[in-house]
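Worksheet: one structure, shown below.
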Amino acid sequence: MENQFLISIIVPCYNQAQYLDECLQSVLDQIYTNWECIIINDDSPDNTDEIASEWVKKDSRFRYIYQNNLGVAAARNNGINNALGEWILPLDGDDKISENYLNKAFEKIKEGYTLIYSNAIYFGKINKEWILEDYSLNKMLYHNIIFCSAIFKKNHIRYDTKMDQGLEDWEFWINYIFSHKEIKICKLSSFEFFYRIKENSRNNTINTDNYKFLSMKNYVYYKHWRIYEKYFGDYFTLYEKNLILSNQNKDFKLKLESKRIKILNKFLSFFNK
């Protein structure tokens, strides 16, 4: 198969050794075989090195890189920079993919799509379906609607290593989408990604810490303010729109209250006859 369809799976690891075998087995089980898997050990204090070495011995498509502890964004970038494939799939060391994910993505790649994702399954502490929204640029700018393990064509865009608190995948997608004049994005209706829910995780921390969450959202906004201004208007425009909507809401409430009082008066007058 042509090397242009080689999919490079990037697996950053930090304190995930207990889940790593399960993750890498899901890679080995792929029906689509033209892949490589680069395991990036982000100076993990557990036995990631030992487990990764066994997988490298098991199949030559697995490769192993050790780096100093620089965070998940830097680990993904390291993997992308060393990838031989034109297509990238970031996969955290505690998550899994279905055996058909690469195969279904390959069919969409042949149709000219640049970025492919799917519905997903939560597993671990929570077990349920995760139905992702269909792609919309406005929705994407408001909040992340694509999980980190989408498959995309490699270009010059990399993850922002300053976003060590989280949301780096959301910022990456915004940056990646706007790096193309034209981009085709496909959401598969099937369930191809398995996202592990743990009691303690970086995502759980930022989602429950409002200050960190807003700080990272503000960082994304200010980094890409020209994009947000183009699609939503500048601060003053948004402020004026908000005032108009607020006043309209007040008028609506007053009219609703007036109508409610009229109905109540009619009701009371009927029983007072």
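Looking at (1) under 30 Å from residue 231 (Cβ atoms); (2) within 21 Å of the chain's Cα centre (by Cα), which is the only condition residue 112 fails?
Of the numbered conditions (1) under 30 Å from residue 231 (Cβ atoms); (2) within 21 Å of the chain's Cα centre (by Cα), the odd one out for residue 112 is (2).
Quick one: which residue in 211, 219 is part of a helix (DSSP H, G or I), in contact with an Asp or Glu (Cβ under 9 Å, 6 or more places away or on another chain) and at pLDDT 75 or above?
The unique qualifying residue is 219.
May I ask you to say which residue of 113, 135, 122, 101 is farther than 27 Å from residue 24 by Cβ and either among the hydroxyl-bearing types (Ser, Thr, Tyr) or buried (at least 18 other Cβ atoms within 10 Å of the Cβ) (or both)? Show your work before the answer.
Working: 113 fails: farther than 27 Å from residue 24 by Cβ; 122 fails: farther than 27 Å from residue 24 by Cβ; 101 fails: farther than 27 Å from residue 24 by Cβ.
Unique residue meeting the criteria: 135.
Results for (1) assigned to a strand (DSSP E or B); (2) surrounded by fewer than 19 Cβ atoms within 10 Å (Cβ to Cβ); (3) among the β-branched types (Val, Ile, Thr), shown as yes or no for each residue.
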| residue | (1), (2), (3) |
| --- | --- |
| 140 | no, yes, no |
| 152 | yes, no, no |
| 175 | no, yes, no |
| 190 | yes, yes, no |
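Can we say residue 119 is at pLDDT 95 or above, closer than 20 Å to residue 92 by Cβ and touching a His at 6+ places or on another chain (Cβ under 8 Å)?
no
Are there any pairs, at least 6 apart or on different chains, whose C-beta atoms fall under 7 Å, with the first in the stretch 124-136 and of a type in the set (Ser, Thr, Tyr) and the second surrounded by 10 or more Cβ atoms within 10 Å (Cβ to Cβ), and if so, which?
135/145; 135/185; 135/187
Output yes when any residue across the stretch 6-19 is surrounded by fewer than 22 Cβ atoms within 10 Å (Cβ to Cβ) and more than 22 Å from residue 71 (Cα to Cα), and no when none is.
Within the stretch 6-19, one or more residues are surrounded by fewer than 22 Cβ atoms within 10 Å (Cβ to Cβ) and more than 22 Å from residue 71 (Cα to Cα).
Could you list, in sequence order, the residues of the stretch 158-208 that are at pLDDT below 85 and within 17 Å of residue 76 (Cα to Cα)?
Keep residues of the stretch 158-208 that are at pLDDT below 85, which gives 199-208.
202, 203, listed by residue number.
Just checking: which of the strands (runs of 3 or more DSSP E) contained wholly in the stretch 12-128 hold 3 or more residues that are in contact with a Lys or Arg (Cβ under 9 Å, 6 or more places away or on another chain) and under 15 Å from residue 153 (Cα atoms)?
Fully inside the stretch 12-128 and qualifying: 87-90, 115-124.
Touching a residue at least 60 places away in the same chain (Cβ under 8 Å) and either surrounded by 15 or more Cβ atoms within 10 Å (Cβ to Cβ) or of a type in the set (S, T, N, Q) (or both) - does that describe any residue in the stretch 52-69?
Taking the stretch 52-69 as the starting set, the residues that turn out to be touching a residue at least 60 places away in the same chain (Cβ under 8 Å) are none.
Among the residues of the stretch 52-69, not one is touching a residue at least 60 places away in the same chain (Cβ under 8 Å) and either surrounded by 15 or more Cβ atoms within 10 Å (Cβ to Cβ) or of a type in the set (S, T, N, Q) (or both), which makes the answer no.
Keeping to the stretch 120-150, report how many residues are polar (S, T, N, Q) and over 22 Å from residue 76 (Cα atoms).
3
What pairs come out if I take residues in the stretch 28-45 that are farther than 18 Å from residue 102 by Cα and pair them with residues that are of a type outside the set (Ser, Thr, Tyr) and assigned to a loop (DSSP other than H, G, I, E, B) whose C-beta lies under 6 Å away, six or more apart or interchain?
42/69; 43/68; 43/69; 44/15
Is it the case that residue 145 is touching a Lys or Arg at 6+ places or on another chain (Cβ under 9 Å), surrounded by 22 or more Cβ atoms within 10 Å (Cβ to Cβ) and either at pLDDT 95 or above or under 28 Å from residue 17 (Cβ atoms) (or both)?
no
The values are calculated or read from the model by the stated rules, or taken from the named source; none is laboratory data. Everything numeric in this text was worked out from a predicted model, so none of it was measured. FYI the Cβ positions are ideal-geometry reconstructions off the backbone, even for glycines, and counts take in every protein chain you see.
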